[in-house]
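Below is one structure, written out as structure tokens, with a few remarks after it.
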Amino acid sequence: MKRLLLLRTSYPTSSRLVATVVLAVLGVAITFTLTALDDSKLAGGAAIAIVIVGLSWLIGWSGQVSLGNSGFMAIGAYATAIWANHHTTTPIIFTLLLATACGAVGGLILALPSTRLRGPYLAGMTLAFSFAIAPLALNFPSLTGGSGGLFLNFLSAPTWFVNLFSGSQALIRANAQWTADVAIVVTAVAFFFMANLFHSRTGRAMRLVRDNDVAAELAGVNLQRTRTLAFAISAAYAGLGGSLLTLLTGSVTPQTYSLPLSILLLTLMVLGGIGTLSGAVIGGLIYSYSDNLVSLINKTTGISPTSTFGANLKGIVFGVLLILTMLLAPRGLVGMGSRLTSLVRRPARES
Amino acid sequence: MGSFLTSRFITYLLGGISSGVVIALVALSLVIIWKSTHVLNFAQGAMGMFAAFVGMNLVFKGTNYWLCVLLSLAVGLALGGVTERVLIRPLYGKPEINPIVVMVGFLGVIESAIPSIWHSNLLPVPTPFSQVYYQNNGHTILISPFVIFQVVLALGIMGGVALLFQYTNLGLKMRAAALAPEVSRLLGVRVNRLLTLGWILSSGVGAMAGVIVSSGQSLAATNMDGIFVSAFIAAAVGGLESPIGAITGGLLIGVTESFILGYWSSNMAPLAGVIVLVISLAIRPQGIFTRNITRRV
Amino acid sequence: MIHVEDLSVSYGAVKALRNVTMSAPTGRITAVLGTNGAGKTTLLRAISGLVKPSSGTIHCNTTALVGMATDEIARFGVGHVPEGRGVIAEFTIEENLRLGVLASKIDANEGLERQFELFPVLGERRKQYASTLSGGERQMLAMARALIARPSFLLLDEPSLGLAPQVTAEMMRTISSLCTMEDLTVILVEQNAKSALRIAHEAVVLHLGSVIASGTAETVGDDSDLRRYYLGLVQ
């Protein structure tokens with residue numbers, strides 16, 4: 001985590017590259033120590049972290065709110081499944097890039113009219129979009145598989161990787177770890193690009209647009225182009241995340257990519273910390289272990305997970321956490337962390 | 001004449017109007033909140049549905065329907081006031097994304113809380129009016145006494161809100177507090193109270209929309225999701241500031257969706273709404289019913 | 001009377017008022033003069049509770065105003081006609097006036113008739129939108145709207161701004177006669193020192209947030225240095 005924070009300070013690209021490689025290697029090394037279950041949880045969290053960092057970029061850096069990123073995830077997911085079912089031998093990197101591009105194009109189409117709008121209008125428009133995506137998939141069952149969705153071969157480990165493992169569970173463990181490692185590497189690359197984007201000219205222009213669009217315009221920033229770009233990048237990240245998630249789970253269904261997922265993405269991003277890379281990582285980890293969190297609450301409070309209340313506990317807990325974070329600590333866990341460290345380091349300045 | 005009334009066109013038109021009045025009602029409630037506090041309440045539909053659940057569940061237990069409607073209304077009014085005081089008031093003066101995020105969170109809480117409070121019940125809520133459609137020479141006209149009741153009630157509420165804003169002292173103060181809060185304060189108007197009142201009123205309207213939607217159907221926490229999205233589109237097309245625009249927009253969206261649903265596919269209706277919004281905003285971003293206003297720097 | 005004691009107001013790092021002490025005696029017009037950015041508007045906004053002072057007190061007779069909400073202060077009897085007049089253009093003249101009287105205990109129709117007597121031009125056009133009024137008429141409307149609740153104190157922020165000299169002179173005469181008729185305590189903030197001093201009894205000069213002179217309108221108006229450097233009046 002400390003290394004990730006390092007990414008945020010303005011070091012040149014080369015040191016960001018070094019940090020990314022170190023972190024990716026570290027991440028992959030950790031997967032060797034984990035169980036198959038933890039590995040697959042981590043893989044899912046990594047895919048979600050990619051979506052979160054795209055959303056974080058949009059909300060935290062350009063000040064636009066999107067409730068439509070679950071829709072862009074769906075675009076990436078369907079693109080992946082449809083492509084993979086027709087071209088089984090395509091290298092996964094190509095599939096991922098294709099899905100990313102599809103997400104970006106989707107974002108561009110929606111962004112062209114809506115980035116002229118501000119705040120609530122845009123949020124509402126993207127909500128309407130994410131609401132329309134699942135029915136749209138249902139309407140073309142020959143392409144999308146209708147309500148049953150599509151299935152594809154999920155990622156499986158190459159032979160040399162399986163050979164690293166032994167024992168009766170070798171294949172299961174190898175596959176789980178392979179998907180986790182692929183997810184970690186893809187996430188590392190995505191985060192590397194985002195870290196550079198944060199510090200690029202575009203990134204700075206974006207912040208100016210967020211804080212004072214009139215000043216930005218006077219400074220020669222093209223508002224519409226900047227906002228459209230921010231939106232398309234966010235959608236591209238959602239497409240990539242959706243694609244990765246599809247490759248991990250081996251299926252895509254329209255119900256997955258509906259309003260609750262958009263709410264969940266927003267919650268995870270806010271909980272981690274808006275506009276930060278480490279916040280997106282935290283958000284991804286929370287996603288990975290949210291079921292553990294809920295069962296922990298079940299255990300400590302004695303609420304049965306099969307009762308009506310227990311079954312809906314996750315939604316309630318996340319909703320309440322989102323509200324409380326926004327009201328009490330709008331910078332999320334990352335903000336709380338940095339406030340804590342600055343308290344420890346400089347107690348005098350607080351007075 | 002008979003064949004005209006039972007033609008597909010008229011059938012879809014009537015269906016569109018009866019769903020359009022509910023959309024218009026929710027759109028109106030969004031505009032009331034937007035005008036007073038500049039918050040787009042993403043939980044509006046869910047809040048209305050919560051209020052509807054409280055009242056309408058008692059109908060099954062034999063409680064008088066009208067009493068249950070009043071109970072839902074009371075819950076809706078109270079919920080609006082509490083929400084403004086607890087969730088929205090701390091956020092005045094903060095970035096505009098903060099109340100959006102908070103209300104999205106509230107939406108999630110309500111939609112998870114409803115099924116955890118009330119067991120799922122697929123029975124339709126009994127209504128005081130017959131739901132049997134009128135017939136003409138063996139063909140169905142898409143009107144029943146209950147549909148007439150729904151439309152009349154919705155129009156009545158809209159009329160009541162319009163009268164309140166246009167012709168009462170309270171309405172004058174509410175409009176002033178929305179248009180010029182500082183000047184209103186200087187004239188002794190209790191602006192904070194009126195902002196809360198705006199939420200109370202809006203949430204009451206939302207609760208009535210929830211009641212109208214739920215009557216004659218089975219109750220579900222997400223009943224209002226689609227209506228909320230359509231209502232947002234209606235309000236945005238009308239410009240979010242204009243009650244007349246929201247009501248007109250609501251009816252237009254209702255009819256448009258009904259035609260798409262009828263002539264094409266129900267799955268395409270939500271996308272049609274998005275397309276209507278995209279086109280109308282591309283032509284007139286500030287809304288069709290709003291005068292050009294230069295944004296203050 | 002209005003008494004301000006040791007009042008300081010900051011906007012972030014900028015100090016808009018520094019330890020201002022001044023009094024506006026009952027039934028008289030006190031002019032607050034000074035150039036742009038002297039802190040005149042901030043002083044009025046602090047009295048009305050629109051900005052929170054960082055230190056100091058404000059009293060209306062014996063009532064302490066600091067800490068009271070703006071609408072409470074208004075209902076207590078402080079009328080404030082803000083800079084730019086604050087007329088609601090989307091409302092009719094009658095609606096604007098009605099808004100002014102709703103928070104008070106005064107009967108709305110009685111109040112309206114009284115203001116229409118004082119300002120006949122408003123009565124003639126009561127059903128028209130305020131956006132149709134000229135600058136001078138808008139100022140009349142803003143004053144009528146503040147007066148309709150029968151305040152004891154009246155704060156006027158740059159009433160002459162944007163008005164032709166003749167209209168300004170008429171405006172000042174109206175303010176002067178209102179002060180006598182209604183027994184008002186008036187604080188008149190003006191950049192236009194010449195016309196303000198013509199009707200004021202007392203005068204305070206602010207410069208960069210501090211009081212640099214105060215006294216009767218004559219003494220302030222006769223001080224040649226003040227006239228030249230702070231009031232923009234060249235002999």
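From the list B:125, B:104, exactly one residue is in contact (Cβ under 8 Å) with a residue 40 or more places away in the chain, out of contact with any Lys or Arg (no Cβ under 6 Å at 6 or more places or on another chain) and either surrounded by fewer than 16 Cβ atoms within 10 Å (Cβ to Cβ) or more than 10 Å from every other protein chain (Cβ to nearest Cβ) (or both). Which is it? Give the steps one after another, and end with the answer.
Working: B:104 fails: either surrounded by fewer than 16 Cβ atoms within 10 Å (Cβ to Cβ) or more than 10 Å from every other protein chain (Cβ to nearest Cβ) (or both).
Answer to the selection: B:125.
Residue B:73 fulfils the conditions (1) in a loop (DSSP other than H, G, I, E, B); (2) at pLDDT 95 or above except for a single criterion, (1).
Go through B:31, B:69 for me and flag whichever is of a type in the set (Val, Ile, Thr) and surrounded by fewer than 22 Cβ atoms within 10 Å (Cβ to Cβ).
Values: B:31 fails: surrounded by fewer than 22 Cβ atoms within 10 Å (Cβ to Cβ).
None of the others qualify; the one that does is B:69.
Residues to consider are C:50, C:17, C:65; find the one that is closer than 21 Å to residue B:188 by Cβ and either surrounded by 22 or more Cβ atoms within 10 Å (Cβ to Cβ) or more than 15 Å from the chain's Cα centre (by Cα) (or both).
Working: C:50 fails: either surrounded by 22 or more Cβ atoms within 10 Å (Cβ to Cβ) or more than 15 Å from the chain's Cα centre (by Cα) (or both); C:17 fails: closer than 21 Å to residue B:188 by Cβ.
Result: C:65 is the single residue among C:50, C:17, C:65 that is closer than 21 Å to residue B:188 by Cβ and either surrounded by 22 or more Cβ atoms within 10 Å (Cβ to Cβ) or more than 15 Å from the chain's Cα centre (by Cα) (or both).
Tallying residues that are aromatic (Phe, Trp, Tyr) and either in a helix (DSSP H, G or I) or within 11 Å of the chain's Cα centre (by Cα) (or both) within region A:228-268 yields 2. Listed by position, the helices (runs of 4 or more DSSP H) enclosed by region B:189-297 that each have at least 3 residues that are away from every other protein chain (no Cβ under 14 Å) and modelled with pLDDT of 85 or more are B:191-214, B:243-263.
I want to confirm something. Restricting to region C:132-158 and keeping residues that are in a loop (DSSP other than H, G, I, E, B) and closer than 21 Å to residue C:94 by Cα, which single residue is nearest to the other protein chains (Cβ to nearest Cβ)? Even if it seems obvious, please write down each step before you answer.
The first filter runs over region C:132-158 and keeps only residues in a loop (DSSP other than H, G, I, E, B), leaving C:133-134, C:148-152, C:158.
Next cut, closer than 21 Å to residue C:94 by Cα only: C:133-134, C:148-151.
Values: C:133: 15, C:134: 19, C:148: 9, C:149: 7, C:150: 12, C:151: 9 Å.
In this case the residue turns out to be C:149.
Would you check if there is a residue in region A:141-159 being touching a Ser or Thr at 6+ places or on another chain (Cβ under 6 Å), crowded, with 17+ Cβ neighbours inside 10 Å and in the same structural domain as residue A:233 (by TED's automatic domain parsing)? Yes: region A:141-159 contains one or more residues that are touching a Ser or Thr at 6+ places or on another chain (Cβ under 6 Å), crowded, with 17+ Cβ neighbours inside 10 Å and in the same structural domain as residue A:233 (by TED's automatic domain parsing).
Out of all the residues in region C:25-46, is one or more β-branched (Val, Ile, Thr), farther than 14 Å from residue C:1 by Cα, part of a helix (DSSP H, G or I) and away from chain B (no Cβ under 14 Å)? Within region C:25-46, one or more residues are β-branched (Val, Ile, Thr), farther than 14 Å from residue C:1 by Cα, part of a helix (DSSP H, G or I) and away from chain B (no Cβ under 14 Å).
Filter region B:126-177 down to residues that are assigned to a loop (DSSP other than H, G, I, E, B) and under 26 Å from residue C:71 (Cα atoms), then give me how many there are.
So the first thing to find is which residues in region B:126-177 are assigned to a loop (DSSP other than H, G, I, E, B), and the list is B:126-134, B:137-138, B:141-144, B:168.
Restricting the remaining residues to those that are under 26 Å from residue C:71 (Cα atoms) gives B:168.
Of the residues in region B:126-177, 1 are assigned to a loop (DSSP other than H, G, I, E, B) and under 26 Å from residue C:71 (Cα atoms).
What pairs come up if the first residue lies in region A:289-302 and is under 23 Å from residue A:47 (Cβ atoms), the second is of a type in the set (Lys, Arg) and part of a helix (DSSP H, G or I), and their beta carbons are under 9 Å apart, counting only those six or more places apart or on different chains? Close Cβ pairs (under 9 Å, with a partner that is of a type in the set (Lys, Arg) and part of a helix (DSSP H, G or I)) amount to A:289/A:41; A:290/A:314; A:291/A:41; A:291/A:314; A:292/A:41; A:293/A:314; A:294/A:314. Just one residue in the set A:134, A:111 is crowded, with 20+ Cβ neighbours inside 10 Å, closer than 18 Å to residue A:230 by Cα and touching a residue at least 60 places away in the same chain (Cβ under 8 Å); that residue is A:111.
Out of A:313, A:328, A:322, which single residue is outside the structural domain of residue A:51 (by TED's automatic domain parsing) and surrounded by fewer than 15 Cβ atoms within 10 Å (Cβ to Cβ)?
On the way: A:313 fails: surrounded by fewer than 15 Cβ atoms within 10 Å (Cβ to Cβ); A:322 fails: surrounded by fewer than 15 Cβ atoms within 10 Å (Cβ to Cβ).
It is A:328.
Region A:281-351 holds helices (runs of 4 or more DSSP H) entirely within its bounds, and those carrying 3 or more residues that are closer than 25 Å to residue B:111 by Cβ and β-branched (Val, Ile, Thr) map to A:290-301, A:313-328.
The set of residues in region C:187-230 being under 18 Å from residue C:2 (Cβ atoms) and part of a loop (DSSP other than H, G, I, E, B) consists of C:200, C:201.
For residue A:281, indicate whether it is of a type in the set (A, V, I, L, M) and either buried (at least 24 other Cβ atoms within 10 Å of the Cβ) or more than 14 Å from chain B (Cβ to nearest Cβ) (or both).
On the way: of a type in the set (A, V, I, L, M): yes; either buried (at least 24 other Cβ atoms within 10 Å of the Cβ) or more than 14 Å from chain B (Cβ to nearest Cβ) (or both): yes.
Spelling it out, residue A:281 is indeed of a type in the set (A, V, I, L, M) and either buried (at least 24 other Cβ atoms within 10 Å of the Cβ) or more than 14 Å from chain B (Cβ to nearest Cβ) (or both).
Outside the structural domain of residue A:155 (by TED's automatic domain parsing) and over 27 Å from residue A:156 (Cα atoms): does that describe residue A:294? Break it down stepwise before answering.
Values: outside the structural domain of residue A:155 (by TED's automatic domain parsing): yes; over 27 Å from residue A:156 (Cα atoms): yes.
Answer is yes for this residue.
Only residues that are more than 14 Å from chain B (Cβ to nearest Cβ) and modelled with pLDDT under 85 were counted in region A:310-335, giving 0. Screening residue B:183 against (1) crowded, with 22+ Cβ neighbours inside 10 Å; (2) out of contact with any helix residue (DSSP H, G or I) (no Cβ under 7 Å at 6 or more places or on another chain); (3) within 14 Å of chain A (Cβ to nearest Cβ) leaves a single unmet condition, (3). May I ask you to verify whether residue A:187 is modelled with pLDDT of 90 or more and of a type in the set (S, T, N, Q)? Yes: the conditions hold for residue A:187.
The values are calculated or read from the model by the stated rules, or taken from the named source; none is laboratory data. Keep in mind it's a predicted model, so treat the numbers as computed, not measured. Heads up, the Cβs are rebuilt from the backbone with ideal geometry, glycines too, and the neighbour counts pull from every protein chain shown.
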